[in-house]
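Notes follow the structure.
The values are calculated or read from the model by the stated rules, or taken from the named source; none is laboratory data. This one's a predicted model, so the numbers in the text were calculated from it and none came from an experiment. Quick reminder, even Gly has a Cβ in these numbers, built from the backbone with ideal geometry, and neighbours come from all protein chains shown.
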Amino acid sequence: MAIQILPPQLANQIAAGEVVERPASVVKELVENSLDAGATRIQIDIEQGGASLIRVRDNGFGIPKTELALALARHATSKILCLEDLEAILSLGFRGEALASISSVSRFTLTSRTAEQSEAWQVYAQGRDMETTIQPASHPVGTTVEVANLFFNTPARRKFLRTDKTEFAHIDEVIRRIALAKPHVTFSLSHNNKLIRQYKNANNAEQQLKRIAAICGNDFIQNALHIDWKHEELYLSGWVALPQFTRPQNDLAYSYVNGRMVRDKVITHAIRQAYNEYLHTEQYPAFVLFLELNPNDVDVNVHPTKHEVRFHQSRLIHDFIYQGIVNALQTDDLPLEPSHSS
Ligand code: ADP
Ligand code: MG
């Protein structure tokens with residue numbers, strides 16, 4: 001076969017294979033877009049585990065009519081212009097791939113209105129040749145994205161969808177992770193028209209603690225030490241559980257870098273080591289930790305899903321986190337259970 005350039009839809013579907021694994025990955029991308037647009041209220045409606053419908057509605061700054069079609073194009077982004085921007089990224093998105101990928105494997109509708117526009121506009125695409133149609137619509141300032149019949153044109157992917165319950169559980173977890181990191185944003189999540197979660201925006205430390213408790217459980221917060229640890233441009237905050245509040249599974253382990261949830265070996269190892277003398281091998285520490293650092297010192301463009309990062313000075317980061325936690329564990333003033341040292 002002669003070399004040919006792939007038609008856009010096929011190229012997008014191939015890219016979708018990396019970013020859109022299941023309904024929960026669509027939800028993640030859409031909610032991150034809402035956050036990047038400065039939304040303070042985000043409503044997520046799911047039907048049948050996301051297989052039939054995923055709708056994300058926000059009150060962010062919207063997309064101007066002239067840019068609607070472009071928003072669905074591949075490598076189209078408003079978030080970076082040049083390599084310098086990429087190296088100092090603070091937005092959650094930057095690859096300009098999510099909407100192109102998602103719209104290539106679903107029946108996709110985006111409705112948006114900016115504050116400057118008196119009316120909203122809607123763009124529709126359904127997998128075809130990425131042709132789009134634009135028409136007037138009714139919508140307050142902000143954006144609603146509807147993703148219907150995910151994978152309708154990629155049966156091989158559709159076959160991998162699990163039960164509605166399982167897919168919804170993944171979506172629920174995505175929203176928990178994001179809600180932990182964005183306390184000032186209100187999130188609501190419904191499944192088959194039933195409200196399942198409501199995280200009201202937290203305006204002070206007490207309300208923020210309530211959100212953490214709603215997501216991680218009261219017993220986590222009652223057994224957690226607050227972390228507030230700084231060194232030059234590094235800042236670590238959040239909560240780590242007392243050593244006696246250990247988990248048989250690694251299921252309460254949330255770490256963020258500049259507001260983005262990540263799974264990182266350096267961070268995980270530093271935490272594990274800080275707990276080293278307290279934990280048996282089959283026990284796991286529970287934590288919600290936020291690391292802030294100069295975006296120039298970390299590479300987030302490691303993988304399309306952006307779950308991984310690379311620190312330029314990983315040793316420094318490791319020791320900083322380790323010290324912060326050890327310090328908290330040693331100086332805690334909460335009543336420790338007597339004679340519980342291992
Ligand atoms: P990326 O987020 O990497 O830029 P996306 O494909 O997710 O790429 O989105 C493409 C562009 O569409 C974004 O850069 C942004 O300008 C616009 N956009 C997408 N979702 C929203 C939203 N909810 N509100 C405002 N603008 C949005
Ligand atoms: Mg995006």
| task | Would you be able to say whether some residue in the stretch 180-200 is surrounded by 18 or more Cβ atoms within 10 Å (Cβ to Cβ), closer than 30 Å to residue 331 by Cβ, among the basic types (Lys, Arg) and touching a residue at least 40 places away in the same chain (Cβ under 8 Å)? | result | yes
| Out of the stretch 166-201, which residues are touching a helix residue (DSSP H, G or I) at 6+ places or on another chain (Cβ under 7 Å) and among the basic types (Lys, Arg)? | 176, 182, 197
| Qualifying position, being more than 30 Å from residue 312 (Cβ to Cβ) and of a type in the set (Gly, Ala, Ser), among 52, 25 | 52
| Mind checking whether some residue in the stretch 51-64 is more than 14 Å from ligand 2 (Cβ to nearest atom) and without any contact (Cβ under 8 Å) to a residue 60 or more places away in the chain? | yes
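Is it true that residue 230 is part of a helix (DSSP H, G or I), surrounded by fewer than 18 Cβ atoms within 10 Å (Cβ to Cβ) and of a type in the set (D, E, K, R)?
Numbers: part of a helix (DSSP H, G or I): no; surrounded by fewer than 18 Cβ atoms within 10 Å (Cβ to Cβ): yes; of a type in the set (D, E, K, R): yes.
So residue 230 fails the test.
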| Which of (1) modelled with pLDDT under 95; (2) within 15 Å of ligand 1 (Cβ to nearest atom); (3) surrounded by 19 or more Cβ atoms within 10 Å (Cβ to Cβ); (4) farther than 29 Å from residue 180 by Cβ does residue 113 not meet, given it meets every other one? | (1)
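Where in the stretch 64-153 are the helices (runs of 4 or more DSSP H), entirely inside, with at least 2 residues that are of a type outside the set (Lys, Arg) and farther than 24 Å from residue 39 by Cα? Quick ask: steps written out before the conclusion?
Values: elements: 68-71, 83-87, 98-104.
Helices (runs of 4 or more DSSP H) meeting the threshold: 83-87.
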| message | So residue 239 ticks every box in (1) touching a His at 6+ places or on another chain (Cβ under 7 Å); (2) assigned to a strand (DSSP E or B); (3) exposed (fewer than 15 other Cβ atoms within 10 Å of the Cβ) but one. Which box is left unticked? | response | (3)
| message | Testing residue 207 on (1) under 15 Å from residue 31 (Cα atoms); (2) surrounded by fewer than 18 Cβ atoms within 10 Å (Cβ to Cβ), one condition comes back false. Which one is that? | response | (1)
| Test set (1) over 18 Å from the mean Cα position of the chain (by Cα); (2) without any contact (Cβ under 8 Å) to a residue 24 or more places away in the chain - residue 294 fails condition number | (2)
| query | What is the number of the single condition among (1) within 9 Å of ligand 1 (Cβ to nearest atom); (2) out of contact with any strand residue (DSSP E or B) (no Cβ under 8 Å at 6 or more places or on another chain) that residue 30 does not meet? | reply | (2)
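What residue, of 71, 76, is surrounded by fewer than 18 Cβ atoms within 10 Å (Cβ to Cβ) and within 13 Å of ligand 2 (Cβ to nearest atom)? Even if it seems obvious, please write down each step before you answer.
Numbers: 71 fails: surrounded by fewer than 18 Cβ atoms within 10 Å (Cβ to Cβ).
76 is the lone residue from the list that is surrounded by fewer than 18 Cβ atoms within 10 Å (Cβ to Cβ) and within 13 Å of ligand 2 (Cβ to nearest atom).
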| If we keep just the residues of the stretch 140-177 that are surrounded by fewer than 18 Cβ atoms within 10 Å (Cβ to Cβ) and either within 15 Å of ligand 1 (Cβ to nearest atom) or of a type in the set (A, V, I, L, M, F, W, C) (or both), which is nearest to the chain's Cα centre (by Cα)? | 169
| note | Residues of the stretch 33-69 being within 8 Å of ligand 1 (Cβ to nearest atom) and not charged (D, E, K, R), in sequence order, are 33, 34, 37, 39, 56, 60, 61, 62, 63
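Would you mind finding the one in 246, 281 that is surrounded by 17 or more Cβ atoms within 10 Å (Cβ to Cβ) and not aromatic (Phe, Trp, Tyr)?
Numbers: 281 fails: surrounded by 17 or more Cβ atoms within 10 Å (Cβ to Cβ).
Of 246, 281, the one residue that is surrounded by 17 or more Cβ atoms within 10 Å (Cβ to Cβ) and not aromatic (Phe, Trp, Tyr) is 246.
When the residues of the stretch 79-102 are filtered to those that are charged (D, E, K, R) and near ligand 1 (Cβ under 6 Å from one of its atoms), which remaining residue is surrounded by the fewest Cβ atoms within 10 Å (Cβ to Cβ)?
Start the filter on the stretch 79-102 by keeping residues that are charged (D, E, K, R), which leaves 79, 84-85, 87, 95, 97.
So of that shortlist, the ones also near ligand 1 (Cβ under 6 Å from one of its atoms) come out as 79, 95, 97.
Numbers: 79: 16, 95: 19, 97: 21.
Selected residue: 79.
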